[in-house]
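What follows is a set of notes on a single structure, which appears directly below.
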Amino acid sequence: MSIIYFDHAATTPMRREAIEAYVDAASKGPGNPSSLHAGGRSARSGLTASRDTLARILNCDPGEIVFTGGGTESDNAALYGAAHAQRLKTGRDRIVTTAIEHHAVLHACHKLEAEGFKLTVLPVDETGRVRLSAAEEAIGDDVAVVSVMYGNNEVGTLQPIAEIGALARERGAVMHSDAVQAFGYERFDLRQLPVDLLSLSAHKIGGPQGVGVLYVRKGTPYEPTARGGSQEKSRRAGTENVAGIAAFAKAAELAHSSIEERRREAEEVRAKLLADLTEQLGEDAVRINGAIDPKRRLPHILNVSFPGISNETMLMNLDLSGVAASAGSACTAGSLQPSHVLIAMGLETHFYQSAIRFSFGMGNNTAEAEKTAKIIATITKRLRNR
Ligand SMILES: Cc1ncc(COP(=O)(O)O)c(C=O)c1O
């Protein structure tokens, strides 16, 4: 049975070119990029090339790129790094974030709260978007860090990052954004965007798992969490994953140069799945969670509720029929806890308990969307007739 993989927001298949870049870098003879001998210099030159590629894509200085072990580490390092440095430098001790962040941000915020930081969690509207007025009210002179994700991983809703970043800057707070899901679908111009820290992860765009970037704007108050060697200009100690980083740079280059095509393809599959589901099940049996307006959401995520059928039952049945989807973020899905994102959006119990996230990417097509809608119609009829 061939699998229909509609779970690209959880992880993407590695691109062939990224695998080749990995193998190529890993096959070069031993070289720690911090070593002075020829092998070390060769590894360093590969690392420098990858850094330059990512800096060009983000329109920032290569020195502002810090390689990490993935999106979670970037988020943690951003929050702890900026909060601790700000408290030391300015005495500011408040963190402002939103109710729909990934747990990598939320749990780091709660850890900071346990350390004595004050925490303000901004609510969102029914589409999952933060109201600017709430941000405006919350970002006062005591705020050390503002952390608002660029695009949500469960429902795809985009946030007003430029506006919130401008507020943070005006009020002397460090602005962090988790762009793990948006990277590869949105263009970033960090010379313009008022963001000081930005988290990226390679495995969401066809790169390897366990590799990420934290962009750290020059001059941003930042205390490193990982201490040891002076790698990454002492902002993240530890020998860099040279081959993984080369693969990330290759995947990023390819994703970036085909953003419009990627967006169009994802929108097509999304639209087809939604149209067929509505046609087969009827409008009342399908509820879209998140922003509808394409300008306010990512193109590759579709979150829908099938009231009356628990998401666990639906996912198991989809899996048996060869469709891989998810109930929300991967970590939540593992334990199938109710989604904090859907609850923050004010969904009633029967809607959040029946919500499924379909997420699209390379290799998907509208025929798969058509087939999936048919499978869901069959599953729904079977379960409802029981
Ligand atoms: C928005 C967001 N932030 C952070 C992460 C964590 O990234 P990683 O899996 O690379 O640790 C994810 C992954 O699901 C995500 O979707």
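The values are calculated or read from the model by the stated rules, or taken from the named source; none is laboratory data. Owing to the predicted nature of the structure, the values given are computational and were not obtained by experimental measurement. All Cβ positions, glycine included, derive from the backbone under ideal geometry; neighbour counts span all protein chains shown. Side chains are part of the model used for accessible areas, which takes the heavy atoms of the whole protein and leaves out ligands, DNA and RNA. Shrake-Rupley method; radii C 1.70, N 1.55, O 1.52, S 1.80 Å.
Residues to consider are T68, T90, T48, T97; find the one that is under 27 Å from the mean Cα position of the chain (by Cα), of a type in the set (S, T, Y) and farther than 18 Å from G207 by Cα. Can you show your working first?
Numbers: T68 fails: farther than 18 Å from G207 by Cα; T90 fails: under 27 Å from the mean Cα position of the chain (by Cα); T48 fails: farther than 18 Å from G207 by Cα.
Just a single option satisfies the conditions, and that option is T97.
Could you list all residues from segment 1-45 that are of a type in the set (A, V, I, L, M, F, W, C), part of a loop (DSSP other than H, G, I, E, B) and under 23 Å from the mean Cα position of the chain (by Cα)? Talk me through it step by step, then tell me what you get.
Taking segment 1-45 first, the residues of a type in the set (A, V, I, L, M, F, W, C) are 1, 3-4, 6, 9-10, 14, 18-19, 21, 23, 25-26, 36, 38, 43.
Then keep just the ones that are part of a loop (DSSP other than H, G, I, E, B); that gives 1, 3, 6, 9-10, 14, 36.
The answer is F6, A9, A10, M14.
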Give me a count of the residues in segment 53-90 that are within 16 Å of the ligand (Cβ to nearest atom) and hydroxyl-bearing (S, T, Y). 4
Yes/no for N365 being touching a residue at least 24 places away in the same chain (Cβ under 8 Å) and in contact with a Phe, Trp or Tyr (Cβ under 9 Å, 6 or more places away or on another chain): no
Would you please name the residue that is farthest from the ligand (Cβ to nearest atom), looking only at residues in segment 198-216 that are assigned to a loop (DSSP other than H, G, I, E, B) and crowded, with 18+ Cβ neighbours inside 10 Å? G206
Failed item in (1) surrounded by fewer than 19 Cβ atoms within 10 Å (Cβ to Cβ); (2) within 16 Å of the ligand (Cβ to nearest atom); (3) of a type in the set (S, T, Y), with S258 passing the rest: (2)
Residues of segment 175-197 satisfying the condition of being more than 24 Å from E17 (Cβ to Cβ), in contact (Cβ under 8 Å) with a residue 60 or more places away in the chain and either open to solvent by less than 10 Å² (accessible area, probe 1.4 Å) or of a type in the set (D, E) (or both): H176, D178, D189, L190, D196, L197
Scanning segment 9-20 for residues that are under 17 Å from V211 (Cβ atoms) and touching a strand residue (DSSP E or B) at 6+ places or on another chain (Cβ under 8 Å), the one surrounded by the fewest Cβ atoms within 10 Å (Cβ to Cβ) turns out to be P13
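So, E101, is that one out of contact with any helix residue (DSSP H, G or I) (no Cβ under 6 Å at 6 or more places or on another chain), within 22 Å of S339 (Cβ to Cβ) and crowded, with 22+ Cβ neighbours inside 10 Å or not?
On the way: out of contact with any helix residue (DSSP H, G or I) (no Cβ under 6 Å at 6 or more places or on another chain): yes; within 22 Å of S339 (Cβ to Cβ): yes; crowded, with 22+ Cβ neighbours inside 10 Å: yes.
So E101 passes the test.
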Quick check on V269: is it closer than 22 Å to H102 by Cβ, among the β-branched types (V, I, T), surrounded by 24 or more Cβ atoms within 10 Å (Cβ to Cβ) and more than 14 Å from the ligand (Cβ to nearest atom)? no
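Residues of segment 275-296 being of a type in the set (K, R) and out of contact with any Phe, Trp or Tyr (no Cβ under 8 Å at 6 or more places or on another chain), which ones?
First, the residues of segment 275-296 that are of a type in the set (K, R): 287, 295-296.
Listed by number, the residues that qualify are K295, R296.
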Could you list, in sequence order, all residues of segment 105-122 that are among the charged types (D, E, K, R) and open to solvent by less than 40 Å² (accessible area, probe 1.4 Å)? none
Quick check on T239: is it closer than 20 Å to A21 by Cβ, among the polar types (S, T, N, Q) and more than 23 Å from the chain's Cα centre (by Cα)? yes
If we only count helices (runs of 4 or more DSSP H) wholly inside segment 247-346, which ones have 2 or more residues that are within 20 Å of the chain's Cα centre (by Cα) and modelled with pLDDT under 95? 330-335
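Take G70 and tell me if it is over 28 Å from S354 (Cβ atoms) and surrounded by 21 or more Cβ atoms within 10 Å (Cβ to Cβ).
Details: over 28 Å from S354 (Cβ atoms): yes; surrounded by 21 or more Cβ atoms within 10 Å (Cβ to Cβ): yes.
Yes; evaluated as a whole, the condition is true for this residue.
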Pairs where the first residue, in segment 303-315, is closer than 27 Å to D293 by Cα and the second is open to solvent by 10 Å² or more (accessible area, probe 1.4 Å) and in a helix (DSSP H, G or I), C-beta under 6 Å, 6+ apart: S305/F351; P307/H350; I309/L383
